[in-house]
1. Work from the charge dipole of the range 10-244 (Cβ charges, +1 for Lys and Arg, -1 for Asp and Glu, about the Cα centre) and give the residue of PHE117, SER207, THR141 farthest towards its positive end.
2. Which one of ALA222, ALA139, ALA231 has the biggest mean-square fluctuation once the chain is modelled by GNM with Cα springs under 10 Å?
3. Between LEU246 and ILE187, with labels modelled 7 Å along Cα→Cβ, what's the label distance in nm to one decimal, could you check?
4. If I ignore ligands, DNA and RNA and count only protein heavy atoms, how much of ASP147 is accessible to a 1.4 Å probe, in Å² to the nearest 10?
5. If I stretch the segment between PHE225 and VAL97 completely, what's the gain in nm (0.36 nm per residue apart, minus their alpha carbon distance), one decimal?
6. In vacuo Debye scattering of the range 130-203, one point per C-alpha: log10 I(q)/I(0) at q = 0.14 Å⁻¹?
7. Output needed: percent of Cα pairs per 10 Å distance bin for the range 86-130, bins running from 0 to the one holding the longest distance.
8. Dividing the alpha-carbon radius of gyration of the range 190-269 by 2.2 N^0.38 Å (N being the number of residues), what value is obtained?
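The values are calculated or read from the model by the stated rules, or taken from the named source; none is laboratory data. Here the structure is a predicted model, which means the values were calculated and not measured. Note that we place each Cβ from the backbone using ideal geometry, even for glycine, and neighbour counts take in every protein chain shown. All accessible areas refer to the heavy atoms of the entire protein, side chains included, with ligands and DNA or RNA removed. Shrake-Rupley method; radii C 1.70, N 1.55, O 1.52, S 1.80 Å.
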Amino acid sequence: MSRQRFENQVVFVTGGSSGLGAETCELFLQEGATLFVTDIAERDILKRFGSEKTFFQQCDVSKPEDCEKAITACIERFGRLDVLFHNGARLGGISTVVDHDVTLFQEVINTNLCGLFYLARVAIPQMRKQGKGAIVSTASTAGLAGDFGLCSYSAAKAGLVNLTRTMALDHAQEGIRVNCVCPGYMITPMTVPFKENKKVYEVLLESIPMHRGADPKEVGRAVLFLASDDASYITGQALVADGGWLAHSGGPNFIKHMAPQVRNPPLSN
Ligand SMILES: NC(=O)c1ccc[n+]([C@@H]2O[C@H](COP(=O)([O-])OP(=O)(O)OC[C@H]3O[C@@H](n4cnc5c(N)ncnc54)[C@H](O)[C@@H]3O)[C@@H](O)[C@H]2O)c1
C-alpha cells in the first residue's frame with residue numbers, strides 16, 4: 001500500500017478531467033485524499049474514479065463566479081479544504097503578438113493566471129481557519145523562459161509563477177504554503193498537435209536532454225510532494241520537472257557535433 005499522506009484531507013482540483021489533472025487525481029486518491037474535482041468538462045472522470053471519494057463539479061476557472069461557487073460547494077460538502085491544486089489551462093494560439101487574437105489573449109490570461117486569483121481568494125480564508133493549507137499550481141517552463149509564438153500562454157504562466165511567490169509571502173505566517181510545478185513537455189491531450197507534426201516532434205525531443213516527454217504522473221508526483229507535509233518548509237517555489245530542458249543554455253551540442261581531436265586539442269607547453 002502506498003503512503004497515505006492525504007488521509008482525511010480534502011483536495012480541490014481544477015482541470016481535473018484530463019491529462020496531468022486526471023493522473024494527479026489518481027495519485028491523490030491512492031494516498032487517501034477525498035477529491036473535489038472540477039473542470040470545464042466532465043469527460044467520464046467519475047466513471048474512472050467512482051463516486052465514493054470523488055465529487056465532480058463543472059467550473060470554468062476563467063469565471064470568478066464559477067470559482068467562488070465551486071470552492072464554496074467543496075467546503076459545504078466536506079467541511080474543509082486542505083489542498084488547492086490549480087491545474088486547468090489552455091494553450092491558446094501560437095503566433096506573434098501582431099497576429100494573436102485579442103480575445104484569445106485575454107481568455108488565456110484569465111484562465112491560466114487569473115483562475116488562481118479567483119480560487120485562492122475564497123480558499124485561503126478556509127485554510128486560515130484550519131491553520132494550515134497547501135496551494136499548488138501548474139505553471140510551465142514557458143513561465144520561466146520564452147517560447148516562440150506562445151505569447152499569451154507564456155505571459156500567463158510567468159504571471160502564475162510570480163503570483164505564487166507573492167501569495168507565499170503573504171500567507172506564510174498563516175501556515176499556508178504556495179508553490180507551483182513547471183513541467184516541460186508532457187504527453188497529454190494538450191500536446192497532441194506537437195506529436196502529430198513529425199518535424200516539430202523530432203526537434204522537440206532533440207531539445208530535451210532526456211530525449212522524451214514526461215508521463216504526466218512524473219509531474220503529478222512533484223505536485224503531491226509540494227502539497228504534502230514532506231514539503232513543510234517549502235513555499236514560494238517553482239519546481240521544474242522538464243527532463244533537463246531549462247538546464248540547457250540553448251547553445252550547440254559541442255560533443256555531438258565536433259570531432260574529439262578538435263574538441264580536445266593537444267596541450268601546448
Ligand atoms: N502538456 C504539456 O506539455 C504541458 C507543459 C507545461 C505545462 N502544462 C500545463 O499542465 C496543465 C495540464 O495540462 P495537460 O497537459 O494535462 O493538458 P489537458 O488539455 O489534458 O488538460 C487541461 C485541462 O484543463 C481544462 N481546462 C481548460 N480550460 C479550462 C477552464 N477555463 N476552466 C477549467 N478547466 C479548463 C481542460 O478541460 C483540461 O481538462 C496545464 O496547466 C498546462 O498548461 C502542460
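1. Positive-most Cα among the choices belongs to PHE117.
2. Maximum among the listed residues: ALA231.
3. Simple spin-label model gives 2.4 nm for this pair.
4. 70 Å²
5. 42.4 nm is the gain from fully extending PHE225 to VAL97.
6. -0.55
7. 26, 39, 21, 11, 3
8. Taking the Cα Rg and dividing by 2.2 N^0.38 Å, one obtains 1.61.
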